[in-house]
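Reading through the structure tokens given below for one structure.
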Amino acid sequence: MTNQPLITQFQNIYIEEKSLDSEPAQKAFQIFPKNHIHIIKDKSDLKTLSNMSADQFNQSKKNLLLCSFKGKFFKRCPGARPGLICCNYFVLNLGQHCEMDCSYCYLQSLINFPFVTIYTNIEDALKELSGIASEMKDHKLRIGTGEITDSLSLDDITLYSTHLLNYFKQHPHWTLEFKTKSANIKNFVHKEHCGNIIVSWSLNPQYIIEKEEHGTASLNERLNAARLCRDKGFPVAFHLDPVIYHKEWKENYSNMIQKITSLFKPEEVSHISLGALRFQPEQRHIMRERFGMKSLVTKGEYFKSKDGKLRYDSQLRQQMFQFIFSQFIPNRYRKNDTLQNLSLPLAESTETTGKRKLSRYKNSPPKWNLFLCMENKENWLATTNQLPSKIEKTNNLFDLKPVRAFSQLSNETMKNA
Amino acid sequence: MNLTTYDECEKYLDFQPEKPWPNNWPPFSWENKLVSGFTHSYKNQYVLNFSSTDVNFLHLFHTCHPQLNFSELGRIILGWSNREKNICSWQEFFSLYGFHQNTESLVQQLKIFTSTPVSFQAWVNKKAIHLSELRILNSLEDMKQIHFIFEWIAEQSPSHSQGIKILELGVELFLMSLDPDKILKSYFSPEKVIQEMEKKRNPLSSSQDQVNKNNLKKVIWPSQVSTQWQRRGDTTGLEIKIWCRNQKEWEEKIHRVNQLSVFNRLDRTDPI
């Protein structure tokens, strides 16, 4: 299931007057028919809509807005909550909302502005990043652009991939992560980069993609794009998130993981995150209205967790995580489809040894950099027997020094304002 | 401002207000459109008529009816929308009643609510249920499909939270073709209805919980130790209550409970 062409995706394109000279606006004039384009004086002329109805939300995906953004582009990942073990991910928001239509998408409960929005003033975003760079020069920041929008699905309008590629050459100690459900890599994949751009895909079995991830690229399309990125020297990453329970979940996730492990070596994959389906309680209404009760998402069994979100039963989550982790270990190392201990003797990567070329499965299982996303301590321990700070390769992702430094910087900025 | 008669006034703004207009007050009208005192007892009486130069329509209406429940608001939407030209902007109207955002969605919600049985609406108004708590109704094509749920709630008059829970579970079971009607015909207690509906709605976790409860019953606990398998949010576990009179008894009972290795007896394996 490939993305719809942009020209048929959007019915209305609104361009703020002061954004008319921007690159995305110029691109929009090339892509869309003139009669679909409306010039507006200012974004404030458009109304916000809290608690959108299903119809309003459906319509919001057909409206594209190009405007400037006056707020902060750079933030800590909004998923971080007390009681959850969270990594040191930061986000750079260059837009808001998404034209694809996953039934479980948390934007359904987050968005109160009925437009897929592209912020046209990327130069301000990069200026803000440069300010952060001067204040936090000793920290290795992990920054992603795919939190409240898809990093690449609208790249044909924004071309932000190339701008960011060039910018991040100046900051080789930072990593930038594109997170996408598209296969739209053509604008940057053949360009030069300094190895700090990670291209990541959210993955689910094709059965789930067809049922629940409408308008996204197929599993094969995503993996093929990942292979091409890998071949061009880009580190890739995968997000097995959300894992969705269904009757054939073991078979489907096992097949998908087999595909991943047959196409990629652990050292080619920067990290793989794993998270079970979760959402704000109020989101259940709009999902039900938009997708009915036949969706695997709406008919799931959910309970309120400590962080207030609806989640699968904790025991079920542990079982799913353990199973999925175990599928990354070849059969001969596995015991009864459960992961005994992630700290088994591990094969060293060629990066660390340099000289020896190791076969993938010499004497010990391959080491994938797997971690849980937005989970509690109990589930970490049940799945991996350790907390992330103790797991080699993962511990750097969970080093919270950059997060604390940023928090301090933000507090100081607020005091001085 | 002048006097006019009841008969001379247009009455289309009548929304059947539930609070009667005070007997010792004349009805009010605005540009000869009756705004209050809609009942027939005011026939042949004089009406105080305001013009647009005296007062804004919305302010006069809000002064006459400072509080309206959702049934009344719904009747206003249905009654006033039929006119060629709306007498006021819905956005301004609703903001006077404390609703400041997404008028379109609110109007839709009210129309849906007004199509539910009057007895159900009375329960909603009595229990001060907010419209947002009835959002489950948006998933239905026709309110008549679940008339049996509305009737049950109206007759049994459960509490606010119980009624909302029964409504949501009932509608979901209906949409999943899992026949909530049978449960409602079999039970009158809201607690029992919720329990049965949850079992049907969450069969996987319910059966797992039941297996654990059954296994727990097979354990022989020390005397004056009571246990209960409980679900707390997304986790399940064992609550143990121990009665003891002194430190020695405490230590003895804890030791004996530990020896039971209860969690090894519970079915914590994959049921799927």
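The values are calculated or read from the model by the stated rules, or taken from the named source; none is laboratory data. Nothing here was measured: the structure is a model prediction, and the numbers come from that model. Glycine gets a Cβ as well: all are built from the backbone with ideal geometry, and neighbour counts include every protein chain shown.
A few remarks follow.
- Scan region A:1-42 for residues that are surrounded by fewer than 11 Cβ atoms within 10 Å (Cβ to Cβ) and part of a loop (DSSP other than H, G, I, E, B) and the total you get is 4.
- Being more than 14 Å from chain B (Cβ to nearest Cβ) and at pLDDT 95 or above holds for only one residue in A:Lys34, A:Lys62, and it is A:Lys62.
- Looking only at region B:154-198, and only at residues there that are of a type in the set (Asp, Glu) and more than 21 Å from B:Gln210 (Cα to Cα), the one that is nearest to the other protein chains (Cβ to nearest Cβ): B:Glu172
- If you filter region B:131-149 down to residues that are within 12 Å of chain A (Cβ to nearest Cβ) and not in a helix (DSSP H, G or I), you find that the one that is modelled with the highest pLDDT is B:Leu140.
- Check on B:Thr63, within 22 Å of the chain's Cα centre (by Cα), away from every other protein chain (no Cβ under 14 Å) and not basic (Lys, Arg): no
- Residue match in region B:72-79 (condition: within 16 Å of B:Leu110 (Cβ to Cβ) and basic (Lys, Arg)): yes
- Criterion: within 14 Å of another protein chain (Cβ to nearest Cβ) and either surrounded by 15 or more Cβ atoms within 10 Å (Cβ to Cβ) or in contact (Cβ under 8 Å) with a residue 40 or more places away in the chain (or both) - qualifying residue of B:Leu238, B:Leu216, B:Leu204: B:Leu204
- Pairing residues of region A:219-237 that are closer than 14 Å to A:His193 by Cα with residues that are basic (Lys, Arg), at Cβ distances under 7 Å and at least 6 apart in sequence or on separate chains, gives A:Val236/A:Arg230.
- Considering (1) modelled with pLDDT of 95 or more; (2) within 28 Å of A:Leu296 (Cβ to Cβ); (3) of a type outside the set (Phe, Trp, Tyr), the lone condition that A:Gly79 does not fulfil carries the number (1).
- Any hit, region A:237-245, residues being away from chain B (no Cβ under 14 Å) and either hydroxyl-bearing (Ser, Thr, Tyr) or assigned to a helix (DSSP H, G or I) (or both): no
- Qualifying positions in region B:99-129 - within 14 Å of chain A (Cβ to nearest Cβ), more than 19 Å from A:Glu289 (Cα to Cα) and loosely packed, with under 15 Cβ neighbours inside 10 Å: B:His100
- Selection status of A:Ser254, surrounded by fewer than 19 Cβ atoms within 10 Å (Cβ to Cβ), in contact with a helix residue (DSSP H, G or I) (Cβ under 9 Å, 6 or more places away or on another chain), more than 8 Å from chain B (Cβ to nearest Cβ) and closer than 27 Å to B:Ile112 by Cβ: no
- A single member of B:Leu260, B:Leu266 is closer than 30 Å to A:Lys247 by Cβ and not basic (Lys, Arg), and it is B:Leu266.
- For B:Val211, the criteria (1) exposed (fewer than 14 other Cβ atoms within 10 Å of the Cβ); (2) touching a residue at least 60 places away in the same chain (Cβ under 8 Å) hold in every case but one, which is (1).
- Checked against the criterion of being closer than 20 Å to A:His271 by Cα, aromatic (Phe, Trp, Tyr) and surrounded by 23 or more Cβ atoms within 10 Å (Cβ to Cβ), region A:176-191 has at least one qualifying residue.
- Some residue of region A:209-229 being at pLDDT 95 or above, closer than 30 Å to B:Leu173 by Cα, more than 17 Å from the chain's Cα centre (by Cα) and more than 14 Å from chain B (Cβ to nearest Cβ): yes
- Subset tally (residues that are surrounded by 21 or more Cβ atoms within 10 Å (Cβ to Cβ), at the interface with chain B (Cβ under 9 Å from one of its Cβ atoms) and aromatic (Phe, Trp, Tyr)) for region A:303-322: 1
- Meets criteria (surrounded by fewer than 12 Cβ atoms within 10 Å (Cβ to Cβ) and closer than 28 Å to A:Asn376 by Cβ) for B:Asn258: yes
- Residue in region A:258-266 that is within 30 Å of A:Asn331 (Cα to Cα), of a type in the set (Ser, Thr, Tyr), surrounded by fewer than 17 Cβ atoms within 10 Å (Cβ to Cβ) and more than 14 Å from every other protein chain (Cβ to nearest Cβ) present: yes
- Scanning region A:161-208 for residues that are at pLDDT 95 or above, among the β-branched types (Val, Ile, Thr) and under 18 Å from A:Gly146 (Cβ atoms) gives A:Thr162, A:Thr180, A:Ile185, A:Val189, A:Ile197, A:Ile198, A:Val199.
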